[in-house]
Amino acid sequence: MDLHDTAARLGVPVEDVERVHRLAGDRPSAPLPAKADAPAILARLAVRPDDAAEIMEGWPDADSPLWTPELRWLLDRSIALVRADLGGHGWLPPGPELPRDRGPAWRHLYVYAYLALVDVVLAYHRDHDIADAVSWATLADLGRNLAVDRRMNREGWPVMQSWLTLHARGSLYELGRLQHQRGDTTIGLHIPESGPMTPEAIAASLDEARAFFPRHFPDEHYTAFSCGSWLLDPQLQEYLPADSNIVRFQQRFELDPYEEPEGLDADVEVRRFVFRTLSTPLDQLPRGTVLQRAVIDHLKAGRHWYWRRGTFPI
């Protein structure tokens, strides 16, 4: 195949196509579920009806005119790329960012890849004796992310398509209030949009993780929980009450010395998570909570937020 021609037809840099070709190689892909079974699977993955309807509209049937040869190639090789790293825990873009305004096949290509990998990762979970309830709670982050992307007027997906490869490779598990990511020596903590971060809910999730990982991954030895987030920026303490859930979450961590994160702008990430928009002017953002007012006032004062990393012992 001509990688330059494929890239041109996809409207993406040739380097991105070459990366997929290199990482996927001739490794095996995985089939999508039967189309008739897809609605029930999407419902189990917490995909909203409006998003599910779009996914079904763009389904890659063999005779679908929506699916050009280069799209079919990218879908197949993206599945193979992620499947080849089953059990891995690093950040893994599944392929290039596509022009999603071209229709549902383009908009949801990486959703179809995720659906193809559901049976693969469920088998991986079963091999590690992980309960179905944990598996489906974890994988249902797909629906949550699609709903957020819709709220963000499609601004959120480029990050989400890489984020969801953690779930599809058996790297990340949702245990109560927190998501827990396997690592080298630490368990990475992530905070989904699923309710208040009360100290009680956080403590229960941490206790669950302390039992979960030794039971299901006995060959992996973790010494600490870790987190990288704007939520750990100490500047938040200038604005939030001392007994707020965020401040109490911060107090668990010993912060690493600050290092500028590569390819990540904390000001952008704060806006992504607090307001679910990247393009709305500051003066038009809502000020309904203490956190929203803090973010806006901080940025309007010409200050910046910082992405901080921290740990605490298991």
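Scanning the range 14-49 for residues that are under 14 Å from residue 73 (Cα atoms), in a loop (DSSP other than H, G, I, E, B) and open to solvent by 70 Å² or more (accessible area, probe 1.4 Å) yields 26, 27, 28, 31.
Scan the range 55-75 residue by residue and report those that are charged (D, E, K, R) and either in a loop (DSSP other than H, G, I, E, B) or crowded, with 17+ Cβ neighbours inside 10 Å (or both). Lay out the reasoning, then the answer.
Of the range 55-75, the ones charged (D, E, K, R) are 57, 61, 63, 70, 72.
Those that are charged (D, E, K, R) and either in a loop (DSSP other than H, G, I, E, B) or crowded, with 17+ Cβ neighbours inside 10 Å (or both): 61, 63, 70.
Strands (runs of 3 or more DSSP E) fully within the range 138-255 that include at least 3 residues being of a type outside the set (Val, Ile, Thr) and within 30 Å of residue 53 (Cβ to Cβ): 172-175. Checked against (1) under 27 Å from residue 93 (Cβ atoms); (2) open to solvent by less than 30 Å² (accessible area, probe 1.4 Å), residue 206 passes all but condition (1).
Out of the residues in the range 1-13 that are of a type in the set (A, V, I, L, M, F, W, C) and in contact with a helix residue (DSSP H, G or I) (Cβ under 6 Å, 6 or more places away or on another chain), which is most open to solvent (accessible area, probe 1.4 Å)? The qualifying residue most open to solvent (accessible area, probe 1.4 Å) is 3.
Scanning the range 239-265 for residues that are surrounded by 13 or more Cβ atoms within 10 Å (Cβ to Cβ), among the charged types (D, E, K, R) and either farther than 25 Å from residue 159 by Cα or in contact with a helix residue (DSSP H, G or I) (Cβ under 6 Å, 6 or more places away or on another chain) (or both) yields 248, 252. The residue pairs whose first member lies in the range 123-134 and is touching a residue at least 40 places away in the same chain (Cβ under 8 Å), whose second member is open to solvent by 60 Å² or more (accessible area, probe 1.4 Å), and whose beta carbons are closer than 7 Å, counting only pairs six or more residues apart or on different chains, are 124/86.
Return only the number of the condition from (1) open to solvent by 50 Å² or more (accessible area, probe 1.4 Å); (2) more than 14 Å from the chain's Cα centre (by Cα) that residue 236 does not satisfy. Single failed check for residue 236: (1).
Taken together, 170, 195 contain a single residue that is out of contact with any strand residue (DSSP E or B) (no Cβ under 8 Å at 6 or more places or on another chain), loosely packed, with under 15 Cβ neighbours inside 10 Å and touching a residue at least 12 places away in the same chain (Cβ under 8 Å), which is 195.
Identify all residues within the range 88-112 that are within 14 Å of the chain's Cα centre (by Cα), among the hydrophobic types (A, V, I, L, M, F, W, C) and within 10 Å of residue 161 (Cα to Cα); write none if there are none. Passing the criteria: 92, 111.
Among 143, 87, which is the only one that is open to solvent by less than 10 Å² (accessible area, probe 1.4 Å), closer than 24 Å to residue 192 by Cβ and modelled with pLDDT of 95 or more? Steps first, answer last, please.
Working: 87 fails: open to solvent by less than 10 Å² (accessible area, probe 1.4 Å).
Only one candidate qualifies: 143.
Among the residues making up the range 90-122, those that are open to solvent by less than 50 Å² (accessible area, probe 1.4 Å), in a helix (DSSP H, G or I) and touching a residue at least 60 places away in the same chain (Cβ under 8 Å) are 112, 115, 116, 117, 118, 120.
Does residue 52 satisfy the condition of being assigned to a helix (DSSP H, G or I) and open to solvent by 50 Å² or more (accessible area, probe 1.4 Å)? When the stated conditions are applied, residue 52 does not pass them.
The values are calculated or read from the model by the stated rules, or taken from the named source; none is laboratory data. Predicted, not measured: the structure shown is a model, and the values here were computed from it. Reconstructed Cβ throughout: ideal geometry from the backbone, glycine too, with neighbour counts over all protein chains shown. The accessibility values were calculated without ligands, DNA or RNA, using every heavy atom of the protein model including side chains. Shrake-Rupley method; radii C 1.70, N 1.55, O 1.52, S 1.80 Å.
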